[in-house]
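These notes concern the structure reproduced below.
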Amino acid sequence: MNSALWVSKTGLSAMDKQLNVVANNLANVSTTAFKKDRAVFEDLMYKTVRAPGGLSAQNAELPSGLQLGTGVKVGATQKDFSSGDYNMTDRQLDIAIQGKGFFQVVQPDGTMAYTRDGSFQLNSEGQIATSGGLVLEPGIQIDPNVLEIIVADDGVVSVRVSGETDPQEVGAINLAGFINPTGLNSIGQNLFTETNASGPPIVAAPGEDSLGSLGQGMLEASNVNSIEELVNMITTQRAYEMNSKVISSADGMMSFAIQQL
Amino acid sequence: MDKALYLAMSGGVQTMNAQAIHANNLANVNTTGFRSDFEQARAMQVYGDYYPSRVYAMTENPATRYTQGDMIQTDRNLDVAINGEGFITVYDENGQEAYTRAGDLQINAAGQLVTGRGLPVAGVGGPIFLPPVDNINIMADGSISVVPQGGAANEVAVINQIKLVNPDSQNIRKGQDGLIHTKNGEFLEPDLNVQLVSGFVEGSNVNAVEEMTHIMNLARRFEMNVKMMDTVSENGNASARILQRTA
């Protein structure tokens, strides 16, 4: 059959995937600390029908060959870890990271997950946990009679108890960094897990090893630029339409041939 | 049998090949750094033991269009685009040097600078490995300056330089892997005049309207070939009828 049909089919499915990525970015335009994705397109292999420089006759060389491309695919989605805007919330347990680090949280199965979503809460046992209920690692216990929680730039958490003037240190928040954060595995709920591609986590106190310092009372917004995504959506839609036009044109050719012959 | 039938058929088949080239260009209308392929038909004599009376049409892709694509601003430090002519050198699957315009670079787990599809980027002194960095900047000549992890903002170190080349378009062609290779398999020398711009990627240089026009044109050309086959078939029928009547 006409290979143009299959080639433009790859175009349609690649544009469809790109639209998925754009839709997901736009859907998360208000998600705390969401990092946008970008679809990476690559052209598929070329099929060499006639190699350039081949012989067309005993003494005649073809000046150019015929290589038919077989289409396009989305080879990867690449997360863009540039930071989003910082929004002041003045809530004590809202913590933003200014830098490249991640908070470490313990998943129900005991393995570690990483997040930049710093909208923490206290669970029923007084531990600092994410809004999804995962406990921050190392665990920090806050007593019920605490008046104020103070998170310093370097991650030291101290509390002020009623009747006392000096704050008491109750723990410290550590951050984890990765050599290739793009290689992290997104598991939803603003969480990432380590992979072979991301490399092992480098754990340190905030401010060290350029993991970034903490800001209490603020949250990192999504880094999705809605205008950019809308423009991506339009170009994707047009590319989709053009590929479907090629399909109908190739289909027209085949149906004409079938009817005439 | 009337040889015109075979001639028209070959025209149709070659038109379909041409259609595939344009369909591939259009499918890659959003592919970073993609270079569109040309297609042309050439008269091709049929050689053999007999008198060379037949000439077929033959589709071939004589070249790839190397004009610059649109520059798309991304503000990402590791996105680089070439302003003007030239190519970024990468290592292909066989470890040989190949050339590309796709500058959506990233750093993999081993700290190596790779393209969006994972091919290692070649430096002037071999592959480019980066230490853990705070900040990375790629300058116009391809040199990579980094602030090492935990370093002060003024501790800038130049790590390596991306190998940028500017070959004569006569000596290069697109390979089966979609990368640009030299025709003779030789490595190219770095060209210091090639300019990189950071924070941009270069889009595809496919001209969508032009491709659509070609596709419509080719669809009609195919129909003409089919019509020709139909006419030949009618002629055959007619002569068969005449012969039946006289017999």
Exercise. Could you count how many residues in region B:203-232 are open to solvent by less than 80 Å² (accessible area, probe 1.4 Å), under 22 Å from the mean Cα position of the chain (by Cα), more than 7 Å from chain A (Cβ to nearest Cβ) and not hydroxyl-bearing (Ser, Thr, Tyr)?
Worked result: 8
Exercise. Has region A:25-33 got at least one residue that is closer than 19 Å to B:Thr74 by Cα, among the β-branched types (Val, Ile, Thr) and touching a Gly at 6+ places or on another chain (Cβ under 6 Å)?
Worked result: no
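Looking at region B:191-207, is at least one residue of a type in the set (Val, Ile, Thr), modelled with pLDDT of 90 or more and over 24 Å from B:Ile72 (Cα atoms)?
No: zero hits.
Residue-wise test of (1) of a type in the set (Asp, Glu); (2) at positive phi; (3) within 14 Å of chain A (Cβ to nearest Cβ).
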| position | (1), (2), (3) |
| --- | --- |
| B:Gly142 | no, yes, no |
| B:Ser145 | no, no, no |
| B:Pro148 | no, no, yes |
| B:Gly151 | no, no, yes |
| B:Asn154 | no, no, no |
| B:Asn160 | no, no, no |
| B:Asn166 | no, no, no |
| B:Gln170 | no, no, yes |
| B:Lys174 | no, no, yes |
For this session: Quick one: count up the residues across region B:47-66 that are out of contact with any Asp or Glu (no Cβ under 6 Å at 6 or more places or on another chain) and closer than 22 Å to B:Gly86 by Cα.
Result: 4
Problem set entry | Listing of strands (runs of 3 or more DSSP E) fully contained in region A:65-167 that carry 1 or more residues being of a type in the set (D, E, K, R) and open to solvent by 50 Å² or more (accessible area, probe 1.4 Å) | A:72-79, A:146-151, A:156-161
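Name the strands (runs of 3 or more DSSP E) wholly within region B:1-89 that hold at least 2 residues that are of a type outside the set (A, V, I, L, M) and open to solvent by 30 Å² or more (accessible area, probe 1.4 Å)?
Numbers: elements: B:40-45, B:55-60, B:71-73, B:80-83.
Fully inside region B:1-89 and qualifying: B:40-45.
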For this session: Working only within region A:180-200, note down all residues that are within 18 Å of A:Thr77 (Cβ to Cβ), part of a loop (DSSP other than H, G, I, E, B) and modelled with pLDDT under 90.
Result: A:Asn180, A:Asn196, A:Ala197, A:Ser198
Seminar exercise, completed: So, first residue at pLDDT below 90 in region A:201-217, second residue basic (Lys, Arg), Cβ within less than 7 Å, six or more apart or across chains; the pairs are A:Ser210/A:Lys100; A:Leu211/A:Lys100; A:Gly212/A:Lys100
For this session: Give the residue that is farthest from A:Gly212 (Cα to Cα), with candidates limited to residues of region B:112-151 that are polar (S, T, N, Q) and part of a strand (DSSP E or B).
Result: B:Ser143
For this session: Please list, ordered by first then second residue, the pairs with beta carbon atoms under 8 Å, 6 or more apart or interchain, first in region B:17-39 and within 24 Å of B:Gly103 (Cβ to Cβ) and at the interface with another protein chain (Cβ under 7 Å from one of its Cβ atoms), second part of a helix (DSSP H, G or I) and among the charged types (D, E, K, R).
Result: B:Leu26/B:Glu211; B:Val29/B:Glu211
Problem set entry | Residue check, A:Asn20 polar (S, T, N, Q), surrounded by 23 or more Cβ atoms within 10 Å (Cβ to Cβ) and more than 7 Å from chain B (Cβ to nearest Cβ) | no
Problem set entry | Within region A:239-261, tally of residues that are at the interface with another protein chain (Cβ under 8 Å from one of its Cβ atoms) and either closer than 27 Å to B:Arg76 by Cα or not in a helix (DSSP H, G or I) (or both) | 2
Problem set entry | Within region B:8-65, tally of residues that are more than 28 Å from B:Asp177 (Cα to Cα) and touching a Pro at 6+ places or on another chain (Cβ under 8 Å) | 2
Seminar exercise, completed: A careful count of residues in region B:95-111 that are within 14 Å of chain A (Cβ to nearest Cβ) and not in a strand (DSSP E or B) gives 8
Problem set entry | region B:152-177 - residue that is of a type in the set (A, V, I, L, M, F, W, C) and part of a loop (DSSP other than H, G, I, E, B) and, of those, farthest from the chain's Cα centre (by Cα) | B:Ala152
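Residue by residue, here is whether (1) of a type in the set (A, V, I, L, M); (2) surrounded by 15 or more Cβ atoms within 10 Å (Cβ to Cβ) holds:
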residue: B:Gly123; (1), (2): no, yes
residue: B:Asp134; (1), (2): no, yes
residue: B:Asn154; (1), (2): no, no
residue: B:Ile162; (1), (2): yes, yes
For this session: Within region A:211-238, work out how many residues are within 12 Å of chain B (Cβ to nearest Cβ) and touching a Gly at 6+ places or on another chain (Cβ under 7 Å).
Result: 3
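Please verify whether region A:229-239 includes one or more residues that are of a type in the set (Gly, Ala, Ser) and either in contact with an Asp or Glu (Cβ under 8 Å, 6 or more places away or on another chain) or surrounded by fewer than 18 Cβ atoms within 10 Å (Cβ to Cβ) (or both). Steps first, answer last, please.
Step one: list which residues in region A:229-239 are of a type in the set (Gly, Ala, Ser), which gives A:239.
Subset that is either in contact with an Asp or Glu (Cβ under 8 Å, 6 or more places away or on another chain) or surrounded by fewer than 18 Cβ atoms within 10 Å (Cβ to Cβ) (or both): none.
Looking through region A:229-239, none of the residues is of a type in the set (Gly, Ala, Ser) and either in contact with an Asp or Glu (Cβ under 8 Å, 6 or more places away or on another chain) or surrounded by fewer than 18 Cβ atoms within 10 Å (Cβ to Cβ) (or both).
The values are calculated or read from the model by the stated rules, or taken from the named source; none is laboratory data. For clarity, every value in this text was computed on a predicted model and none was experimentally measured. FYI the Cβ positions are ideal-geometry reconstructions off the backbone, even for glycines, and counts take in every protein chain you see. Calculation scope for accessible area: heavy atoms of the full protein, side chains included, ligands and nucleic acids excluded. Shrake-Rupley method; radii C 1.70, N 1.55, O 1.52, S 1.80 Å.
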